[in-house]
Amino acid sequence: PPTCIRPTSPTVVNTTATSATLQWTDNNTPPATLWEVLVLPAGSAEPLPSLPVGTGILVNSNPALITGLDSSTNYVYFVRAICSDTDNSNWSVGANFSTKPANDECEDAEFVPVNSSAVCNQIASGVLSGASASTNVPPLAAPCVGTADDDVWYQFVATNPVQTVTVAPSGGMDLIVGVYSGTCSSLISKACIDNTY
């Protein structure tokens, strides 16, 4: 029988735009105190049971916080126990996860350009995939309330008393667009439009 048993039930506790908190079940007696975590792009081949396909990150806690990830990216992770300097377990099965968009929270709102004429030659692109409900903002009033896991934030400095904000979703998405002034802790609603470009 193996002298170092591989971890089971790899899960993802939480994700941000650049980090993930990963957790698994250690099956060793006494429990392992050191593990190697291997984070790869989603769709990567599972490593052979005992041979790594890359260099993992050594962690001494479970759950473990993994940082330095790219926003809006799909990953898969594997973990193995390190029982001694000469005894490692096989790799666990993989667990998939996605990081959130970089502008998932109000305080991380992405700056967008303001065009100087009616010709919109400066635009910004974004994604909703992986977005989560915003925290640390006051509750938003109807009709500016949509699906909580789909909100992302952008900001601009108004250059005229009247500004035109255009949002062009792809794939026929039903979006609710809210325009606010102020800071994240004291937002003031200026406009709210449902299901329109």
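Relative to the Cα centre, the charge distribution of the chain, modelled as +1 at Lys and Arg Cβ and -1 at Asp and Glu Cβ, gives a dipole magnitude of about 40 debye.
Nonpolar atom fraction for the stretch 12-104, defined as the carbon and sulfur part of the 1.4 Å probe accessible area, stands at 51 percent. Extension gain for Ser44 to Leu175 (0.36 nm times residue separation, less C-alpha to C-alpha distance): 43.8 nm. Over the chain, Cα pairs under 8 Å with separation of 6+ residues give a relative contact order of 18 percent. Put a dot 7 Å past the Cα of Ser185, heading toward its Cβ, do the same for Ser84, and the two dots end up 5.5 nm apart. Structure remark: mean-square fluctuation, Gaussian network model of the chain, C-alpha springs under 10 Å; the largest value among Asn28, Asn115, Asn160 belongs to Asn160. Compute the accessible area per residue over the chain, keeping the other protein chains in place, probe 1.4 Å, unit Å². Per residue, the chain has an accessible area of 60 Å².
Computed over the chain with a Gaussian network model linking Cα atoms closer than 10 Å, the most mobile of Gly68, Gly130, Gly171 is Gly171. If you plug the beta carbon distance of Val127 and Asn27 into 1/(1 + (r/R0)^6) with R0 = 25 Å, you get a FRET efficiency near 0.10. Summarising the label geometry, the points placed 7 Å from Cα in the beta-carbon direction at Thr73 and Leu58 lie 2.4 nm from one another.
Let me cross-check Thr164: its accessible surface, 1.4 Å probe, with only protein heavy atoms counted, in Å² to the nearest 10? For Thr164, the solvent-accessible surface is approximately 120 Å².
The values are calculated or read from the model by the stated rules, or taken from the named source; none is laboratory data. All values reported here derive from a predicted model rather than from experimental measurement. Counting neighbours? That spans all protein chains shown, and the Cβs are built from the backbone with ideal geometry, glycine included. The protein model used for the area step is the full one, side chains on, heavy atoms only, and it has no ligands, DNA or RNA in it. Shrake-Rupley method; radii C 1.70, N 1.55, O 1.52, S 1.80 Å.
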